[in-house]
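The values are calculated or read from the model by the stated rules, or taken from the named source; none is laboratory data. None of the values given here were measured: they were computed from a predicted structure. Note: ideal-geometry Cβ built from the backbone for every residue, glycine included; neighbour counts use all protein chains shown.
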Amino acid sequence: MSERTVTFMGNPLTLLGQELKVGAKAPDFSVLDNGLGPITLANYAGKVKIICAVPSLDTPVCDTETRRFNQEAANLKGEVVVLTISADLPFAQARWCGAAGIDKVVTLSDYRDRIFGNAYGVMIKELMLLTRAIFVLDASDTIRYIQVVPEITNEPDYAAVLEAVKTLL
């Protein structure tokens, strides 16, 4: 497995886990919802999924990204779900969502077991946080689009993500 990196303010950071490929079956994972309940990919069976990995909702770029996807989700059909996964504690995620008025994006926590970060190859070795990345899965959990943002302080290409989702509807 080759070492993969992203940067944070120009400084390289190492990603743990295997790099996923478009066309592959998405790995299952177990994360926690804001009430500490276990959530897996099966919870969203039959839906198109936009999975946003972010370092922390309490940072400006993650805040902006999640608010933007919350707005975009209002225009997406019911068969699309937007999941934002971070290593933030579920309590912090619930507090942030309440303060930000987030009601369309589902926030999930990978803090306990780091299963998602490792399975999707987005865990930052040096920080044990998730890097900024987006995965679009079809209703059968096949990966149809991947965007790992090279510089963590940059926002993702929203238009490209939304275009990938539209091809699945």
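Each residue in segment 92-111 was checked for being in contact with a helix residue (DSSP H, G or I) (Cβ under 7 Å, 6 or more places away or on another chain), outside any loop (DSSP other than H, G, I, E, B) and surrounded by 17 or more Cβ atoms within 10 Å (Cβ to Cβ), and 3 pass. Among the residues of segment 112-140, those identified as crowded, with 20+ Cβ neighbours inside 10 Å, in a loop (DSSP other than H, G, I, E, B) and not small (Gly, Ala, Ser) are TYR120, VAL122, THR131, ARG132. The one condition from (1) in a helix (DSSP H, G or I); (2) modelled with pLDDT under 95; (3) over 18 Å from LYS47 (Cβ atoms); (4) touching a strand residue (DSSP E or B) at 6+ places or on another chain (Cβ under 8 Å) that GLU72 does not meet is (3).
Hey, can you tell me all the residues within segment 123-144 that are closer than 18 Å to GLY23 by Cβ and in contact (Cβ under 8 Å) with a residue 24 or more places away in the chain?
ALA133, ILE134, PHE135, VAL136, LEU137, ASP138, ALA139, ASP141, THR142, ILE143, ARG144
Figure legend. Inter-residue proximity from segment 92-116: first residues free of Cβ contacts under 8 Å to residues at least 60 places away in the same chain, second residues in a loop (DSSP other than H, G, I, E, B) and surrounded by fewer than 15 Cβ atoms within 10 Å (Cβ to Cβ), beta-carbon distance below 6 Å, spacing 6+ or different chains. Indicated pairs: LYS104/ALA74. Remark: pairs (first residue in segment 62-82, aliphatic (A, V, I, L, M); second residue part of a helix (DSSP H, G or I); Cβ separation under 7 Å; 6+ apart in sequence or on different chains) = LEU76/VAL165; VAL80/VAL165; VAL81/TYR44; VAL82/PHE69; VAL82/ALA73. Please name all residue pairs, on different chains or six or more residues apart, with Cβ atoms under 7 Å, provided the first residue is in segment 1-25 and is in a loop (DSSP other than H, G, I, E, B) and the second residue is polar (S, T, N, Q). Close Cβ pairs satisfying both conditions: MET1/GLN18; GLU3/THR14; MET9/THR153; GLY17/ASN118; GLY23/THR142.
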